[in-house]
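Working notes for the structure below.
Each value in this text was obtained by applying a stated rule to the coordinates, not by laboratory testing. Just so we're clear, the structure is a prediction, and the values are computed from it rather than from any experiment. All Cβ positions, even for glycine, are placed from backbone atoms using ideal geometry, and neighbour counts span all protein chains on display.
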Amino acid sequence: MCGIVGYIGKRDAYDVLIQGLHRLEYRGYDSAGIALGRADGSMSVYKSRGKVADLEASVAGKDIEGTIGIAHTRWATHGEPNDVNAHPHVSQSKAIALVHNGTIENYAVLKKAIEQHGYKFVSETDTDVLVQLIDYVKQTNGCTLFDAVKEALRQVEGAYAIAVMEKGKPDMLVAARKSSPLVIGIGKGETFIASDATPIVGYTDKVVYLKDNEIALVKRAGRWR
Ligand code: GLU
């Protein structure tokens, strides 16, 4: 299980997220990635095998604007370490991006079921199954991202800490955990998500440790559910 950082606020999310990933490097990892959202509804995803420094080099000259984002350092459990298997994973609709620590034990069963609904998988990871499942639930139920995550996680067996972002919704993130830690840091007009407190230290000392099976709707002004 490796590192997660999420940010929603007024600063450049890229700077906060990259600094957070550096602070999580002590855990060891094989690849890194980041998704950034903007007020105009656009979303960029960058991923790279190797170090956080390799990710930084790979985004040179690219659009790194945005005040909301999620980022990850991966320790591969399902699928080799490469750019495609790195997180964030993006849904087939291109609307949802997700980072995940842990392992989805029933991913093969879920994958088979979702494939029958026309979903194709670009990566070899268990995480890819989770983001497509959330997308499928959201589209079939016509519900919010929060409700789709809640419903999808009911079908999941295994361990997870996740941070999820929706394209065109630059005002919220969704975070959830089971058997893998996740911390929310509450600042003034900005909120942080991280797999441990190290990326948050220095910004705020107001932290909330999510409980097992808890889901949070994360906004600039704090955690609302
Ligand atoms: N099981 C996921 C993967 O292989 C997440 C691994 C992790 O916790 O970094 O991509």
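Of the trypsin sites (Lys or Arg not before Pro) in the range 17-117, which ones lie in a loop per DSSP and count no more than 13 other C-beta atoms within 10 Å? Loop-located and lightly packed - Lys62, Lys94. Farthest towards the positive end of the charge dipole of the chain, among the residues Leu145, Ala53, Gln19, is the Cα of Leu145, using unit charges on the Cβ of Lys, Arg, Asp and Glu. Per-peptide packing, taken as the mean over residues of other Cβ atoms within 10 Å, places 141-149, 124-132 in the sequence 124-132, 141-149 from highest down.
222 nm [θ] for the chain, helices only, -39500 (n - 2.57) per DSSP H run of 4+, per residue, to 500?
That calculation yields -7000 deg cm²/dmol at 222 nm.
Stokes-Einstein diffusion coefficient for the chain at 4 °C in a medium of 1.567 mPa s, Rh from the Kirkwood formula over Cα pairs: what value in µm²/s? The calculation lands on 77 µm²/s. Each residue of the range 78-95 is assigned a 3J(HN,Hα), and the resulting list reads 10, x, 5, x, 8, 4, 5, 6, 5, 8, x, 9, 10, 5, 4, 6, 6, 9 Hz, derived from the Karplus form 6.51 cos²θ - 1.76 cosθ + 1.60 (θ = phi - 60°), x at Gly and Pro.
Rounded to the nearest 20 debye, the dipole magnitude of the range 29-178 is 180 debye, with +1 charges on Lys and Arg beta carbons, -1 on Asp and Glu beta carbons, and the Cα centre as origin. Residues whose amide H falls under 5 Å from that of Glu214, counting only those 5 or more places apart or on a different chain, are Arg177, with hydrogens built in the peptide plane. Averaging Cα coordinates gives a centre for the range 83-128 and one for the range 3-67; these two points are 20 Å apart.
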